Structure formats: structure tokens, C-alpha cells
Amino acid sequence: MVSNQFFEKKGPFTIKQIIQPINCVNVVKENFDLKIYGIESLSSSTNKDITFLNSKKYKEFALKTNAAACITTSNFEEILPPKCIKINVKNILLAVTLISKMFYPKADIDYPDETLSISTDCKNIYPNVFFGKNVMIGKNVKIGNNTHVGSNTIIERNVEIGENCIIGSGVVVKNSLIYNDVNIQDGCKIGIKGFGFIPFKNNNLRTPHVGKVILHQGVEVGANSTIDRGSLNDTVIGKNTFLDNQIHVAHNVKMGENCMIAGQVGFAGSTSLGDNVVIGGQAGVSGHLKIGNNVKIGGGSGVVNDIPDNQHVMGYPAIPLREFAKKRKKYEK
């Protein structure tokens, strides 16, 4: 059961209450009264939480999960611990969305922060912070010494920003923890809800996103870039990683340390990067991939598969650079 400083949490709910809206029939009645206190990922769940498993790709985490119950199908039951209650459904992600809405009914849309105050009214709270004009600050925001915040920027409630940071003009920061020495350039949007929804009947049903964004020490985020918060896990940018302008980082992405990402690169959700990754401009990286350490990806590439350590790839789909060069030479004849 993980605490959440950014979203109001309801519950607990019994197993019987949880399975009612998702049309599950395989749970035995002796488990109906078990109380569930939250919905979490496989790796972060406790014995008071419910989780979900929708792919054998996550077998390693499924085998070790501490969750009391898991939303899944009969195809994946065997890779869950015996003590974990299996809740089998036809549509796992739809069930996750409906249950997430029970626990976090206000996390499917980014409602405006009603606690905002103009920075001139709370200067006594931040005596060693430098504010531009028309900066708005939410309730319980923490900002470290010698941090500069540019004009027309909004920092919403419960955000934490370290020392010696530079937050540019026209920036919006919400649902985020920012370490020391971070530089966020003009126009960035940090911690907004990601592109999470499930087609349901004749509508698109929004999935609550209750994770946060974590920017580690020395990170730089280029102008007009967007970093979505996590869905259940967090979106994390590692120490001293630099992002160029107009980059999109989707929910649950995790980047290692000392990465260099050029302009207009886009990352789909739940992809992880190792350390020292370099990506050229306008490349696209699909979701749920693992990019190893010291990988280099050429500009304009489309990455649709995992890439092991120390590889240099290019093209669509991205392939080893030598192979790409041979094919290009062949086509040019």
C-alpha cells in the first residue's frame, strides 16, 4: 500500500466490491470479505493491494509480487504466487481502469489546481527563491534555496523542487519531484496525465494516472517538451540526462543516467533506457521496450524492438548500423 501525495485515495474496498463492476465469476466466496487498500504495479504491491498481469513479458515481476490479488486471465495464472488471489477477466486493461477509478475517482482528468496563489503573496514561505512575474504556486509546494522560477509559470500543489534549479517561463509542473540542479526550459509541461484510455462500447474510457514524474539531479529538459506522469509506477529521468527541445516522454518511461536525447524524439509508455544512451533527432521509440546501456540510435529511426547494450542502430525498423549501411548501399545501386 503506497501513499500518494498528489491524488485523493478512496477505500478500502472488499474483493466482493471490486469484482462487481468487472464481471468476474471465478473468485471463491471465502475471499469476498478481504479488504484491498490500493491498486499498484506488480513490483510495488503489498499484501494489502491488488495488481494486474496482462503479459508474460512481466513474468519476473509476477513471480515475486506480494499483491493480495491480481487481475489477469487463466493464461497467466501459473506465473503468479499461489497465495495471490487470481481475478480472471476478459479485458484486463478495462478492469484495471474501472478499479483504478474506484480508488482514484479524480485522477482520470487533470482538474485545475484550486489552491494556487500568486508568488508575491507567499514570498515569506520562499525567501531564497527568485520568482518572475505572475508565477502561481499551489498549496504545500516545496522549493529549495537559490532556485529561479520564470514568469507565467505554474507550480501545482505538493510539488517538490530542489536547490539551484532553473524553471523557465510558461512552465507547468504538477505531480512531480525535482531534485537539485535541474534546468527546465521555457514552455515545458511536467507531470501531466498521459494518453491512457480504453475503448469501451461507443466511448473511450479514461484510465486514471496516479504516478508522478521524478527528475534526478542535473537533469535538463529542453523548451516545449512534455513529460507525462506515470500510471501506477513513476516516470523517471536519471541523473545528468539531457533532453533537447520538443521531446515527448510518455507515462512510466524510465531513463538512466547521462543520456542525451535530441530534438523531437518521442517515447511511448513504459519503455526503459539504460545509462549513456544517445538518440538522434526525430526518432521514435515504441512502448514496453528495453534499451540497454551505451546504445546509440540514429536520427529519424523507429525503434520497435529491445536493443541490447552497446548497440548502434538506425532506420525503420531500427537495425544495427552496419546492416543499415549495407542495405542502403544496395538500394542506391
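In table form, for the structure just shown:
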read-out	value
Within the range 186-196, considering residues that are of a type outside the set (A, V, I, L, M) and assigned to a strand (DSSP E or B), the one nearest to D244 (Cα to Cα)	K189
Residue within the range 20-41 that is assigned to a strand (DSSP E or B) and among the small types (G, A, S) present	yes
Failed criterion for P105 (all others in (1) in a helix (DSSP H, G or I); (2) touching a Pro at 6+ places or on another chain (Cβ under 9 Å) hold)	(1)
Subset of the range 44-54 [crowded, with 16+ Cβ neighbours inside 10 Å and free of Cβ contacts under 8 Å to residues at least 24 places away in the same chain]	S45, T51
Residue check for G274: farther than 17 Å from K193 by Cα, touching a residue at least 12 places away in the same chain (Cβ under 8 Å) and among the small types (G, A, S)	yes
Neighbours by Cβ (under 8 Å, 6+ apart or cross-chain): first from the range 137-153, outside the structural domain of G170 (by TED's automatic domain parsing); second surrounded by fewer than 18 Cβ atoms within 10 Å (Cβ to Cβ)	none
Residue among K86, K57 that alone is touching a residue at least 40 places away in the same chain (Cβ under 8 Å), farther than 22 Å from V210 by Cβ, outside the structural domain of H209 (by TED's automatic domain parsing) and loosely packed, with under 15 Cβ neighbours inside 10 Å	K57
Top-ranked residue in the range 197-241 [being of a type in the set (A, V, I, L, M), assigned to a strand (DSSP E or B) and under 14 Å from the mean Cα position of the chain (by Cα); ranked as nearest to I261 (Cα to Cα)]	I237
Top-ranked residue in the range 89-99 [being within 18 Å of the chain's Cα centre (by Cα) and either of a type in the set (V, I, T) or outside the structural domain of V28 (by TED's automatic domain parsing) (or both); ranked as surrounded by the most Cβ atoms within 10 Å (Cβ to Cβ)]	V96
Check on T46, closer than 16 Å to L98 by Cβ and not in a helix (DSSP H, G or I)	no
Matching residues in the range 47-77 - criterion: being more than 18 Å from S231 (Cβ to Cβ) and of a type outside the set (A, V, I, L, M)	N47, K48, K56, K59, E60, K64, N66, T73, S74, N75, F76, E77
Condition check for Y126: among the hydroxyl-bearing types (S, T, Y) and surrounded by fewer than 16 Cβ atoms within 10 Å (Cβ to Cβ)	no
Subset of the range 182-211 (residues that are at pLDDT below 95 and at positive phi)	K201
Total residues in the range 169-195, condition within 15 Å of G222 (Cβ to Cβ), of a type outside the set (A, V, I, L, M, F, W, C) and either outside the structural domain of M136 (by TED's automatic domain parsing) or buried (at least 21 other Cβ atoms within 10 Å of the Cβ) (or both)	1
The range 133-181, residues that are on the phi > 0 side of the Ramachandran plot and not polar (S, T, N, Q)	G170, D181
Residue match in the range 249-271 (condition: in a loop (DSSP other than H, G, I, E, B), within 20 Å of V236 (Cα to Cα), among the hydrophobic types (A, V, I, L, M, F, W, C) and in contact with a His (Cβ under 9 Å, 6 or more places away or on another chain))	yes
Restricting the range 216-262 to residues that are surrounded by fewer than 24 Cβ atoms within 10 Å (Cβ to Cβ) and among the charged types (D, E, K, R), the residue that is farthest from E40 (Cα to Cα)	D244
Residues of the range 63-78 that turn out to be farther than 22 Å from P208 by Cα, crowded, with 17+ Cβ neighbours inside 10 Å and of a type in the set (A, V, I, L, M, F, W, C), as a count	1
Residues of the range 142-153 satisfying the condition of being closer than 15 Å to I178 by Cα and surrounded by 21 or more Cβ atoms within 10 Å (Cβ to Cβ)	I143, T147, V149
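The values are calculated or read from the model by the stated rules, or taken from the named source; none is laboratory data. As the structure is a prediction and not an experimental result, all values here were calculated from the model. Ideal geometry is used to build each Cβ from the backbone, glycine not excepted, and the neighbour counts take in all protein chains shown.
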